[in-house]
1. Going through the stretch 189-221 one residue at a time, which ones are open to solvent by less than 40 Å² (accessible area, probe 1.4 Å) and either within 20 Å of Val153 (Cα to Cα) or in contact with a Gly (Cβ under 7 Å, 6 or more places away or on another chain) (or both)?
2. Search the stretch 141-174 for residues being open to solvent by less than 40 Å² (accessible area, probe 1.4 Å) and within 12 Å of the ligand (Cβ to nearest atom), and hand back the single one that is farthest from Phe237 (Cα to Cα).
3. Could you go through the stretch 178-185 and let me know if any residue there is touching a Leu at 6+ places or on another chain (Cβ under 8 Å), part of a helix (DSSP H, G or I) and under 16 Å from Ala107 (Cβ atoms).
4. From the set of residues in the stretch 1-45 that are open to solvent by 60 Å² or more (accessible area, probe 1.4 Å), small (Gly, Ala, Ser) and not in a loop (DSSP other than H, G, I, E, B), which is modelled with the highest pLDDT?
5. So Ile72 fits all but one of (1) touching a helix residue (DSSP H, G or I) at 6+ places or on another chain (Cβ under 8 Å); (2) open to solvent by 30 Å² or more (accessible area, probe 1.4 Å); what number is the exception?
6. Can you give me the number of residues within the stretch 185-224 that are away from the ligand (no atom under 13 Å from the Cβ) and more than 27 Å from Ser117 (Cα to Cα)?
7. Can you find even one residue in the stretch 97-105 that is touching a helix residue (DSSP H, G or I) at 6+ places or on another chain (Cβ under 6 Å) and open to solvent by 10 Å² or more (accessible area, probe 1.4 Å)?
8. When you go through Ala62, Ala96, Ala92, Ala74 one by one, which is the residue that is within 12 Å of the ligand (Cβ to nearest atom) and among the small types (Gly, Ala, Ser)?
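The values are calculated or read from the model by the stated rules, or taken from the named source; none is laboratory data. Source: prediction; values computed, not measured. Because the Cβ atoms are built from the backbone with ideal geometry, glycine has one as well, and the counts that use them run over all protein chains shown. All accessible areas refer to the heavy atoms of the entire protein, side chains included, with ligands and DNA or RNA removed. Shrake-Rupley method; radii C 1.70, N 1.55, O 1.52, S 1.80 Å.
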Amino acid sequence: MATPHISADPGDFAPDVLMPGDPRRARHIAETVLDDARLVTQVRGILGFTGTVDGRPVSVLASGMGIPSISIYATELFRFYGVRRIIRIGTAGGMATHLNLGDVVIASSAHTDSATSANRIPGIHYSHAPSFALASAAARAAGLQPGVAPDGVHVGAVLSSDVFYADRPETTALLVKHGTLAVEMEAAGLYAVADAEGGEALAICTISDLLFREASLPADERELLFDRAVRLAVAAFATA
Ligand code: HPA
């Protein structure tokens, strides 16, 4: 069976899918986290692998960039491949000034400027939220408890923007004033598709740059910190 954007057979995907944006990161996750990983799709270079983690089947499929791209892959996985849960493992730009490079944000909600959401239910400002079970399991795996905030792990709202090269400091300031932690480009689309398709979703983002000061991570450090988000996601799948 093939869908327009995935060429795999029924049963090729596990019910649980890790979803980085970058296909090379999908390969890295398959090589370092999955046991017995096999390639199941590579349409448009969007690599998908299935293997096991501690004996549990887990797949990884890249999403590409932006809400339209992740919406296509998430819809086809939920609707045609029996997938039940997707956790996006992405990067995000830190908006709130208490964030640091390499911090992890568990996205407990996602604002968006995307027309895909404005038009989803006419007349309604749709609320983009993750699976509570996955989000709370990821928070527990990170060591978060009432009164305990582990170093560098945050739970809160992100902005899922359609525009990477946006120049709108007033909007950013208002979002930060309203508690928004970071900006990325996919979580809101993933959450809405999961709602529409009866699946579950979560986004766990690693802060790769900061909007309020010039800073970025060296590539090798980025990989290491990124692995922390992958570990949280795998633990969330196992314990949610
Ligand atoms: N903007 C949008 N998406 C991102 C960013 C950003 O600054 N950093 C990582 N993903």
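1. At the first step, the residues of the stretch 189-221 found to be open to solvent by less than 40 Å² (accessible area, probe 1.4 Å) are 189-194, 199, 201-208, 210, 215, 217.
Hits for the stretch 189-221 are Ala201, Leu202, Ala203, Ile204, Cys205, Thr206, Ile207, Ser208, Leu210, Ala215, Leu217.
2. Among those that are open to solvent by less than 40 Å² (accessible area, probe 1.4 Å) and within 12 Å of the ligand (Cβ to nearest atom), it is Thr172.
3. The first filter runs over the stretch 178-185 and keeps only residues touching a Leu at 6+ places or on another chain (Cβ under 8 Å), leaving 180-184.
Cutting the leftovers down to part of a helix (DSSP H, G or I) gives us none.
Checking the stretch 178-185: not a single residue is touching a Leu at 6+ places or on another chain (Cβ under 8 Å), part of a helix (DSSP H, G or I) and under 16 Å from Ala107 (Cβ atoms).
4. Only one residue fits best here, namely Ser7.
5. Failing condition for Ile72: (1).
6. 6
7. Filtering the stretch 97-105 for residues touching a helix residue (DSSP H, G or I) at 6+ places or on another chain (Cβ under 6 Å) gives 102, 104.
Next cut, open to solvent by 10 Å² or more (accessible area, probe 1.4 Å) only: none.
No, the conditions are met nowhere in the stretch 97-105.
8. Working: Ala62 fails: within 12 Å of the ligand (Cβ to nearest atom); Ala96 fails: within 12 Å of the ligand (Cβ to nearest atom); Ala74 fails: within 12 Å of the ligand (Cβ to nearest atom).
So the residue among Ala62, Ala96, Ala92, Ala74 that is within 12 Å of the ligand (Cβ to nearest atom) and among the small types (Gly, Ala, Ser) is Ala92.
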